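S.K.: Before I ask anything, here is the structure I am working with.
Here, each number is a calculation from the coordinates, and none is a lab measurement. All figures in this text were calculated on a predicted structure; none of them were measured in a lab. Here the Cβ positions follow ideal geometry from the backbone for every residue, glycine too, while neighbour counts run over all protein chains shown.
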Amino acid sequence: QVQLQESGPGLVKPSQTLSLTCNVSGGSINRGGYYWSWIRQHPGKGLEWIGHIYYGGSTYYNPSLKSRLTMSVEMSKNQFSLKLTSVTAADTAVYYCARTYGSYYFDFWGQGILVTVSS
Amino acid sequence: QSALTQPASVSGSPGQSITISCTGTSSDIGVYGYVSWYQQHPGKGPKLIIYNISNRPSGVSNRFSGSKSGNTASLTISGLQAEDEADYYCSSYTTSSTVLFGGGTKLTVL
């Protein structure tokens, strides 16, 4: 059973960079056919796809976040990461990492981590 | 890119069936068979319940079923149970190689 766990600071100041890591256990991040995704949920709102990355490094990003977004994979640690620059209060959300079959559906999810952007 | 359109809320009594619609465009739902549905209970992360329009992951009750017609996908829950009360989200792959979610539907079991 694949398990994912998000980690990172729960509080980020405006204009700074939000950095999160997702640790994957129970399966290898370099298993072919799977992408590794980030999804967020603003308080009381719906889900928003942020983007996903393949272990080989290819990425697909939400166009609305693309200019501020970087994803990376650390295969030796079986982890992948998210960096979102120049954050504002609008980036306050629960951030989930998830395994993605192809680019098509999210079959395993982390528990989520609340990130608040505030001074 | 706009979110897929779902009703904000639906309700039903135990034992009844309900259907949640998810409307997209010819650039997402209409062109691909990659529609999925997620169940989210309060304070929990989402759980995959339907993938590729109508397939159920192992362990998901057969009371959940999915379908698609044109640009609209649907999730049907039959034999409603109290534990089905949750938020439901649809999702689709798009021709821009991105993923869209619906705005979510709150299911109330009366």
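S.K.: Quickly work out the A:GLN111-to-A:GLN16 label distance, labels modelled 7 Å from Cα along the C-beta direction, and quote it in nm with one decimal.
M.R.: Result for the modelled spin labels: 2.4 nm.
S.K.: I need the per residue convex hull volume for chain B, using only the alpha carbons, in cubic angstrom as a whole number.
M.R.: Here the figure is 92 Å³ per residue.
S.K.: If you stretched the chain out fully between B:SER69 and B:SER27, how much longer would it get, using 0.36 nm times the residue separation minus the C-alpha to C-alpha distance?
M.R.: Gain in length upon complete extension: 13.7 nm.
S.K.: Can you tell me the length gained on complete extension of the stretch B:SER78 to B:LEU110, counting 0.36 nm per residue apart and subtracting the Cα distance?
M.R.: Contour length minus Cα-Cα distance gives 10.1 nm.
S.K.: Using a simple spin-label model with points 7 Å from Cα along the Cα→Cβ vector, what separation in nm is obtained for B:THR19 and B:GLN1?
M.R.: 2.7 nm
S.K.: For the pairs B:LYS44/B:LYS106; A:LYS45/A:LYS77; A:LYS13/B:LYS47, note any where the Cα-Cα span goes beyond 25 Å.
M.R.: A:LYS45/A:LYS77; A:LYS13/B:LYS47
S.K.: Largest first and in whole Å, what are the equivalent-ellipsoid semi-axes of the protein assembly as shown based on the Cα gyration tensor, each being the root of 5 times an eigenvalue?
M.R.: In descending order, the three semi-axes are 29, 19, 17 Å.
S.K.: Can you give me the orientation-averaged projected area of the convex hull built on the Cα atoms of the range A:46-103, in nm²?
M.R.: 4.6 nm²
S.K.: Report, largest value first, the span of the C-alpha coordinates of the range B:23-66 along each principal axis, in whole Å.
M.R.: Each principal axis gives a Cα extent; for the range B:23-66 these are 32, 23, 13 Å.
S.K.: Please give the length that would be gained between A:LYS77 and A:GLN3 if that part of the chain were fully extended, namely 0.36 nm times their separation in residues minus their C-alpha to C-alpha distance (nm, one decimal).
M.R.: Extra length available between A:LYS77 and A:GLN3 comes to 25.2 nm.
S.K.: Would you please give the FRET efficiency between A:THR88 and B:SER96, computed as 1/(1 + (r/R0)^6) with r the Cβ-Cβ distance and R0 = 22 Å, to the nearest 0.05?
M.R.: In this case the efficiency is close to 0.30.
S.K.: Non-local amide H neighbours of B:ALA86 (under 5 Å, H modeled in plane, Pro and chain starts lacking H): which ones?
M.R.: B:LEU107
S.K.: A further question follows. Based on the Cα gyration tensor of chain A, what are the three equivalent ellipsoid semi-axes, each the root of five times an eigenvalue, rounded to whole Å and given largest first?
M.R.: Calculated on Cα positions only, the semi-axes equal 23, 14, 13 Å.
S.K.: Evaluate the distance, in nm, between pseudo-label points positioned 7 Å from the Cα of B:HIS41 and of A:LYS45 along their respective Cα→Cβ axes.
M.R.: It is 2.6 nm.
S.K.: Taking 8 Å as the Cα distance limit and 6 or more residues as the minimum spacing, I'd like the relative contact order of chain B as a percentage.
M.R.: Normalised by residue count, the contact order of chain B is 38 percent.
S.K.: Once phi is turned into θ = phi - 60°, what whole-Hz ³J(HN,Hα) does the Karplus curve with 6.51, -1.76 and 1.60 give for every residue of the range A:18-28, x standing for Gly and Pro?
M.R.: In residue order, the calculated couplings are 8, 10, 10, 10, 10, 8, 9, 10, x, x, 8 Hz.
S.K.: Order these peptides, A:14-27, A:86-99, B:22-35, by their mean beta-carbon neighbour count within 10 angstrom, highest first.
M.R.: Going from most to least packed, we get B:22-35, A:86-99, A:14-27.
S.K.: DSSP loop (so not H, G, I, E, B), at most 16 other Cβ within 10 Å: list which trypsin sites (Lys or Arg not before Pro) in the range A:31-78 pass both filters.
M.R.: A:ARG31, A:LYS45
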